[in-house]
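One structure below.
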Amino acid sequence: MADLTILIAALFPAIALWVYVWQQDKKKEPTPLLVKAVLYGIGIAFPVSLLEFAVNSLLFGVNGGPTSLIGTTLEAFFVAALPEEGFKLLALWLILRNNPYYDEHFDGIVYAVSIGIGFAALENVTYLYSNIEQWQSVAISRALLAVPGHYAFGVLMGYYYSLYHFVDRSPRVRILILLIPVLAHGVYDALALSGMVNPYVGSVCFIVLIFFCIRMHKFAHKKVIAQIQRDRDHSFTS
């Protein structure tokens, strides 16, 4: 019974955010493709973990870790953000490259969030079972910060992917597909990891992290509304 409770606590935030995005999609994507996208998100966790281990070993040595704020920032961007968002983009490209149902601007966000939520769900299960003695506090903190973070990173990636696909084929927008999620993810992790090496700076950075998350989610919500409006305008003119 306890294991089931932990599993529900780990999965519920991811499922709730996925349902929210799915409800916003007026022209629903096929369920098998959405399930496939979620499974892609779960599947990339394994190569991501191997790459993260390799990069971490290269930067800090085997079984090593950061010992300074510069180190935690390097870890945030190069051990976590770049590998994770890079593989999410690969998964998004695989799911959309020959997808005949990818015909609306908002679809990019739906699929990108599905991939991100799959990744976040597995990550959340791992974190909670790895901290079994204090899983309640870990579940609450990750439900409020980490899982919504992956949701926001997915919204941003999906927005710029569709912007490039449907609106603006410029190299600048193509770069933003990966750059914006990596920057958002890297800043998030840099603030969150700062307490590992300096608890005083970490306390300040945690407050900054809360404000950063609020701004990031407001920005992501604007992108959701923008794509919904683009699709509505397109349907009016078609």
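Structure notes:
- GNM result for the chain, Cα springs below 10 Å: residue of Gly61, Gly86, Gly158 fluctuating most strongly: Gly61
- Relative to one another, the C-alpha centroids of segment 136-182 and segment 188-238 are positioned 9 Å apart.
- Euclidean distance between Cα centres, segment 26-69 to segment 75-124, Å: 10 Å
- Cα gyration tensor, segment 1-141 - rounded (a/c under 1.5), prolate or oblate: oblate
- Normalised by the number of residues in segment 143-238, the mean separation of alpha-carbon contacts (under 8 Å, six or more apart) gives a relative contact order of 28 percent.
- Normalised radius of gyration (Cα atoms, divided by 2.2 N^0.38 Å) for the chain: 1.02.
- Other residues with beta-carbon under 9 Å from the beta-carbon of Val79 carry, at +1 per Lys or Arg and -1 per Asp or Glu, a net charge of -3.
- Protection proxy ranking for 179-186, 135-142, using the average of other Cβ atoms within 10 Å per residue and placing the highest first: 179-186, 135-142.
- Estimated FRET transfer efficiency (Ala54, Ser235; beta-carbon r; R0 45 Å; 0.05): 0.45
- Net charge dipole size for the chain [Lys, Arg +1 and Asp, Glu -1 on Cβ; Debye, nearest 20]: 660 debye
- Environment charge of Gly43, counting only residues whose C-beta is closer than 12 Å and scoring Lys/Arg +1, Asp/Glu -1: +2
- Helices of the chain meeting both criteria, an alpha-carbon length of 30 angstrom or more along the long axis and an average Kyte-Doolittle score not below 1.0, with helices taken as full DSSP H segments, are 2-24, 171-193.
Coordinate-derived values only; no laboratory data. On a predicted model such as this, the values are computed, not experimentally measured, just so you know. With ideal geometry, Cβ positions are generated from the backbone for all residues, glycine too; neighbour counts draw on all protein chains shown.
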